[in-house]
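**Student:** I'd like to ask you about the structure that follows.
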Amino acid sequence: MFTPSGAWGTILKDESFFKQLLKKSIIFKSLKFRIFIIVLSVGIIPAFIMRLLLIKSYETRAVNQRITDVTNQCTILCSRLEEAGYMDDTSDVRINDELTQLSNLYDGRILIINDNFRVIKDTYERSEGRTMVSKEVIACLNGSSNMSNRNKTYNYVEVTVPVTSQDGDILGAMVASAATDYIDVNKANLNQRAWVIEITVATFVLVIAYALSSTLLQPFDKVLGAINSAKEGYGADLKRVDVPDYTETREIMDAFYLLLGQINEADTAKEEFVANVSHELKTPLASMKVLSDSIRNEENVPVEMYREFMNDIAEEVDRENQIITDLLSLVKLDKQAAVLNVEQTDLGELLEGIVKRLEPIAAERGIELALKKDSVVMADVDSIKLSQALMNIIENAIKYNKNFGWVKITLDSDIQFAQITVSDSGIGIPEDSLNRIFDRFYRADKSHSKEIGGNGLGLAITRSTILLHKGSVRVSSIEGEGSTFTVRLPLIYEK
Ligand SMILES: Nc1ncnc2c1ncn2[C@@H]1O[C@H](COP(=O)(O)OP(=O)(O)OP(=O)(O)O)[C@@H](O)[C@H]1O
Ligand SMILES: [Mg+2]
């Protein structure tokens, strides 16, 4: 016996082969193919059913007509039999002729049976004198009127009609059979013609189905074409192709270009970031190179100069170190892998700690640092990470302030959120920079940036940390007057 092996074996073993083929084959999944099949079925199946119904109805009508005809003829003959006293004497030539004619007409046979179930006349002359007890004859002699049945195997109908006296007594029965071959011949003819019509309709529907499935889906081909060309021209100046044929195709294209825009933006941001990182990392290295070269190239360098240059080099190393530390913490925050060690924290205390650490720096420039908190606000936060984030904001408020300016910090809360605001009397942020200051390496005031110092990473870290806490941070600012940063944090942290 053949046992399938390998891939075929697995296919055949698990599920029926055709089911698997159906699942695997791409063509069956194609919308074009499905529309084609639907149109084809809608066009052809009704035609097929109609043909069957038509032939069936013709057959029923033709058989009924035949039975009615034979019954009528037999009923007339039965009354003639009675008048002629045929049930007692079957020698009447005229009646016998009529019986023979009728059986010839219907290509059948006629039997006359008396009330003793004895056959007194058989147009085939085979059964005369014999007894015939059939269901129909019994029923007929017992008073049932006309009985009929159809024999499909031998293709005839049989009719049993009672022979009744004028008083209404049942004298016997006439059993007449009539051939129905012609019905089959007509059925075959009809069927043949219906097939011709059906094939013509099927061909017509086939063409329509193909044309319809192709035209209906043409816009989707356009969509595919547009997406493919976008794929090829990706990165270059992409020309937008719209497919407004259907609402659906228009929406697909809109969604596609939106996604493409986002991918492009992400790509540009990534490129910018890499460029910025390289630049920022190279700057301290370049300074170190200049400093060390100048000592190397000079002979008899005084110790003071060595010390001074080495100090400068150490500062650059610190800066490089700071950039790398900041970048690493950003990467960690980005990966969402950052695990927050959330615990109930008194935010007032946390802010006090930050203010305490920053006060000496503020004092150096005569900047007043004030914290206002009306009530105790407890929130689920990672105190170390949040401290760092808020410190960046307050540090900026001092850094980008005027000498003898002020920084005001407030802490408030409602049922759901804690709100911290940091306002300053500083240099402010230009409007076009407002939504960029949270970007990595972005520094708003290029002219002062160098002397103020910083890497442009502080606010990026702040925003990532606050987002990780499921909070938000906003900024408003007027150039030359000052800025206000508003941080909102949920009191209860839900993962
Ligand atoms: N309170 C503020 N007032 C004016 N400008 C501000 C203020 N806070 C931030 N900025 C602007 O936003 C930029 C980005 O701030 P961010 O804290 O990210 O970087 P940085 O302070 O320059 O460097 P880093 O914090 O990494 O040392 C700053 O360079 C500055 O131009
Ligand atoms: Mg900063």
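Residue by residue, here is whether (1) away from ligand 2 (no atom under 12 Å from the Cβ); (2) free of Cβ contacts under 8 Å to residues at least 12 places away in the same chain holds:
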{"position": "Tyr400", "(1), (2)": "no, no"}
{"position": "Val407", "(1), (2)": "yes, no"}
{"position": "Leu411", "(1), (2)": "yes, no"}
{"position": "Asp414", "(1), (2)": "yes, yes"}
{"position": "Asp424", "(1), (2)": "yes, no"}
{"position": "Pro430", "(1), (2)": "yes, no"}
{"position": "Ile437", "(1), (2)": "no, no"}
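**Student:** Could you name every one of the strands (runs of 3 or more DSSP E) located completely within region 71-187 that has at least 1 residues being without any contact (Cβ under 8 Å) to a residue 40 or more places away in the chain?
**Tutor:** Answer list for region 71-187: 119-122, 147-151, 156-164.
**Student:** Looking at Ile367, Ile409, Ile394, Ile384, which one is among the β-branched types (Val, Ile, Thr) and at pLDDT below 95?
**Tutor:** When all the criteria are applied, what remains is Ile384.
**Student:** Continuing with the same structure: Considering each residue of region 344-370, count those that are within 16 Å of ligand 1 (Cβ to nearest atom) and open to solvent by 40 Å² or more (accessible area, probe 1.4 Å), and give that number.
**Tutor:** Of the residues in region 344-370, 4 are within 16 Å of ligand 1 (Cβ to nearest atom) and open to solvent by 40 Å² or more (accessible area, probe 1.4 Å).
**Student:** Sticking with this one: Being open to solvent by less than 10 Å² (accessible area, probe 1.4 Å) and more than 11 Å from Ala139 (Cα to Cα) is the filter here, so list the residues in region 156-171 that pass it.
**Tutor:** Val157, Val159, Val163
**Student:** Then there is this: Could you tell me which residue of region 190-209 is farthest from the chain's Cα centre (by Cα), considering only residues that are open to solvent by 50 Å² or more (accessible area, probe 1.4 Å) and β-branched (Val, Ile, Thr)?
**Tutor:** Val196
**Student:** Now a separate question. Given Lys231, Lys187, which one is open to solvent by less than 60 Å² (accessible area, probe 1.4 Å) and of a type in the set (Lys, Arg)?
**Tutor:** Criteria check complete, one pass: Lys187.
**Student:** When the residues of region 371-392 are filtered to those that are among the aliphatic types (A, V, I, L, M), open to solvent by less than 30 Å² (accessible area, probe 1.4 Å) and under 46 Å from the mean Cα position of the chain (by Cα), which remaining residue is farthest from Gly348 (Cα to Cα)?
**Tutor:** My answer is Ala389.
**Student:** In region 401-418, is there at least one residue being under 30 Å from His279 (Cα atoms) and open to solvent by less than 20 Å² (accessible area, probe 1.4 Å)?
**Tutor:** Yes, some residue in region 401-418 is under 30 Å from His279 (Cα atoms) and open to solvent by less than 20 Å² (accessible area, probe 1.4 Å).
**Student:** Taking Asn300 as the residue in question, decide whether it is open to solvent by 90 Å² or more (accessible area, probe 1.4 Å) and more than 30 Å from Leu467 (Cβ to Cβ).
**Tutor:** Criteria met by Asn300.
**Student:** Can you spot a residue in region 256-263 that is in contact with a Pro (Cβ under 6 Å, 6 or more places away or on another chain) and either surrounded by 15 or more Cβ atoms within 10 Å (Cβ to Cβ) or assigned to a loop (DSSP other than H, G, I, E, B) (or both)?
**Tutor:** Taking every residue of region 256-263 in turn, none turns out to be in contact with a Pro (Cβ under 6 Å, 6 or more places away or on another chain) and either surrounded by 15 or more Cβ atoms within 10 Å (Cβ to Cβ) or assigned to a loop (DSSP other than H, G, I, E, B) (or both).
**Student:** May I ask you to list pairs of residues, at least six apart or on different chains, whose Cβ atoms are under 7 Å apart, with the first in region 302-315 being closer than 17 Å to Thr283 by Cα and the second being surrounded by 10 or more Cβ atoms within 10 Å (Cβ to Cβ) and of a type outside the set (Gly, Ala, Ser)?
**Tutor:** Sorted first by the residue in region 302-315, then by its partner, the pairs are Phe309/Leu291; Phe309/Ile295; Asp312/Leu291; Ile313/Met288; Ile313/Leu291.
**Student:** Return a yes/no flag: does region 245-254 have any residue that is surrounded by 14 or more Cβ atoms within 10 Å (Cβ to Cβ) and of a type in the set (A, V, I, L, M, F, W, C).
**Tutor:** The answer is yes, given that some residue of region 245-254 is surrounded by 14 or more Cβ atoms within 10 Å (Cβ to Cβ) and of a type in the set (A, V, I, L, M, F, W, C).
**Student:** What is the residue count in region 443-495 for residues that are at pLDDT below 90, within 13 Å of ligand 2 (Cβ to nearest atom) and among the hydroxyl-bearing types (Ser, Thr, Tyr)?
**Tutor:** The qualifying residues number 1.
**Student:** When residues of region 366-390 are filtered for being outside any helix (DSSP H, G or I), of a type outside the set (Val, Ile, Thr) and without any contact (Cβ under 8 Å) to a residue 40 or more places away in the chain, how many remain?
**Tutor:** Total satisfying the criteria: 7.
**Student:** Additional query: Test Ile452 against the criterion of being open to solvent by 30 Å² or more (accessible area, probe 1.4 Å) and within 26 Å of Val339 (Cα to Cα), and give yes or no.
**Tutor:** No.
**Student:** Could you tell me whether Leu291 is more than 30 Å from Phe438 (Cβ to Cβ) and assigned to a helix (DSSP H, G or I)?
**Tutor:** It is true that Leu291 is more than 30 Å from Phe438 (Cβ to Cβ) and assigned to a helix (DSSP H, G or I).
The values are calculated or read from the model by the stated rules, or taken from the named source; none is laboratory data. On a predicted model such as this, the values are computed, not experimentally measured, just so you know. FYI the Cβ positions are ideal-geometry reconstructions off the backbone, even for glycines, and counts take in every protein chain you see. With ligands, DNA and RNA removed, areas are computed over all heavy atoms of the protein, side chains included. Shrake-Rupley method; radii C 1.70, N 1.55, O 1.52, S 1.80 Å.
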